[in-house]
Amino acid sequence: MAANDAAITAAVQLLRAAQVVGVPTETVYGLAAKGLCAPAVDGIFAAKGRPADNPLILHVADKDQALELWKDVPPLAEKLMDAFWPGPFTVVLPAGDIVPANVRAGLPTVAVRCPAHPWMRKLIAACGFPLAAPSANTSGKPSPTTAQAVLDDMDGRIALVVDGGASRMGVESTVVAVQDDGVRLLRPGGVTYEQLCKIAGSVVLDDGVLQPLPADARPASPGMKYRHYAPQAQVTLYDGPPQAVQATICRDYDAGQGNTVILARGRPARYAPRRCYDAGADAGEYARRIFGLLRRADDDGYARILAEVPPCEGMGLAVRNRMLRAAGFRVVHANEIGNDKGEKQL
Ligand code: AMP
Ligand code: MG
């Protein structure tokens, strides 16, 4: 249903009745439910097939509503909220007693974000309560950045999707924990590491951001332990200087069994006439397009995706974090032209 006042009224009615609704945000589409109502939140886990040990983010209208959800809020956390809210920024702090255990997957902390999308803001304000909302994909699949992508996964499982247009950022929010020893970046997203450092001074990158976690690890950010964002197609990443990456991708494409598509940064002439999707020349554009392209590769029936990844600066860190998981950490390090160091299954 196109976002308008009637759609918001319909969504509020469903949410009050503990139903699950697809909602637009500036990061990706969400699957929302009444955030402080445990049975409503159970509906999200059921619709997504999400493991019960993967906590949700509570979405609020403003900082005052957020402060009611936590126990202790250090001044640095407020400073970060003032800098980045409303926006693609999530803060993890010790949970207050009103937060149901299923929202936080039994953890003593809860993640809270104040989104910027105008229709999502209207919806939260009209509800008057926080909305629990993970990405609106079936668990493990690429996140949806359009209402149609939500329907592709959720049709028949939810009563309504509010269509607020394509998501502006394309990847999920930045998640940070604010602790006594400072700010820890748990998941890179729409607010960059560099932007965070400007406000916080220094920021520790959690181990789970760019590395696979050991099977027995207890991750700081539980979502990071799952194979995630993954299409049916097998994804391989190529890292290194652009020319070496292009040469190695061409070599592997030509040696392969066909049914392969290249995911390129921009549209290098070198890939012609091979099949190629353009992920955009800069990391911000790559972020906006990535989930749509992973879904498109499945729709187009490709079995393999050979993907360039942007450097870690700016939005590149978030793109790399998502692509590493989509690829199950399968990375080819191409260091010299036409001479790679081989595939590395990290
Ligand atoms: P999604 O809603 O699909 O974007 O996923 C939310 C992610 O935020 C989870 O997968 C976790 O990685 C992270 N998160 C949510 N709550 C917490 C928490 N209490 N502590 C640490 N990370 C969290
Ligand atoms: Mg998700």
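A few notes on this one:
- Thr90 vs. criteria of a type in the set (Val, Ile, Thr) and within 16 Å of ligand 2 (Cβ to nearest atom): yes
- Considering region 211-284, the qualifying strands (runs of 3 or more DSSP E), each wholly inside and each with 2 or more residues that are more than 30 Å from Leu107 (Cβ to Cβ) and in contact (Cβ under 8 Å) with a residue 24 or more places away in the chain, run over 234-239, 260-264.
- Taken as a whole, the structure places Pro55 among residues that are within 22 Å of the chain's Cα centre (by Cα) and either more than 22 Å from Gly165 (Cβ to Cβ) or without any contact (Cβ under 8 Å) to a residue 24 or more places away in the chain (or both).
- Per-region count, region 135-158, residues touching a strand residue (DSSP E or B) at 6+ places or on another chain (Cβ under 6 Å), closer than 17 Å to Ala33 by Cβ and near ligand 2 (Cβ under 9 Å from one of its atoms): 1
- Residue within region 158-172 that is within 11 Å of ligand 1 (Cβ to nearest atom) and within 20 Å of the chain's Cα centre (by Cα) present: yes
- Unmet criterion (only one of (1) away from ligand 2 (no atom under 16 Å from the Cβ); (2) in contact (Cβ under 8 Å) with a residue 60 or more places away in the chain; (3) crowded, with 22+ Cβ neighbours inside 10 Å; (4) closer than 24 Å to Asp180 by Cα) for Ala95: (2)
- Considering the conditions (1) charged (D, E, K, R); (2) away from ligand 2 (no atom under 16 Å from the Cβ); (3) within 25 Å of Glu68 (Cβ to Cβ), Glu194 is excluded by exactly one of them, (3).
- Residue in region 246-254 that is under 30 Å from Leu186 (Cβ atoms) and buried (at least 22 other Cβ atoms within 10 Å of the Cβ) present: no
- Residues located in region 64-113, provided they are under 17 Å from the mean Cα position of the chain (by Cα) and β-branched (Val, Ile, Thr): Thr90, Val91, Val92, Val112
- All conditions but one from (1) buried (at least 22 other Cβ atoms within 10 Å of the Cβ); (2) more than 14 Å from ligand 2 (Cβ to nearest atom); (3) over 30 Å from Ala200 (Cα atoms) apply to Arg50; the one that does not is (2).
- Of note, Leu131 satisfies the criterion of being closer than 20 Å to Pro55 by Cβ and either more than 16 Å from ligand 1 (Cβ to nearest atom) or touching a residue at least 60 places away in the same chain (Cβ under 8 Å) (or both).
- Whichever residue in region 1-42 is surrounded by fewer than 21 Cβ atoms within 10 Å (Cβ to Cβ) and either within 16 Å of ligand 2 (Cβ to nearest atom) or β-branched (Val, Ile, Thr) (or both) and, among such residues, is nearest to the chain's Cα centre (by Cα): Glu26
- Among the residues of region 48-64, the ones that are under 25 Å from Asp180 (Cβ atoms) and not hydrophobic (A, V, I, L, M, F, W, C) come to 3 in all.
- Screening Ala83 against (1) small (Gly, Ala, Ser); (2) within 15 Å of ligand 2 (Cβ to nearest atom); (3) part of a helix (DSSP H, G or I) leaves a single unmet condition, (2).
No value in this document is a laboratory result; all are computed from the given coordinates. Bear in mind the structure is a predicted one, so any value in this text is a computation, not a measurement. No Cβ is skipped: glycine too gets one built from the backbone with ideal geometry, and neighbour counts run over all protein chains shown.
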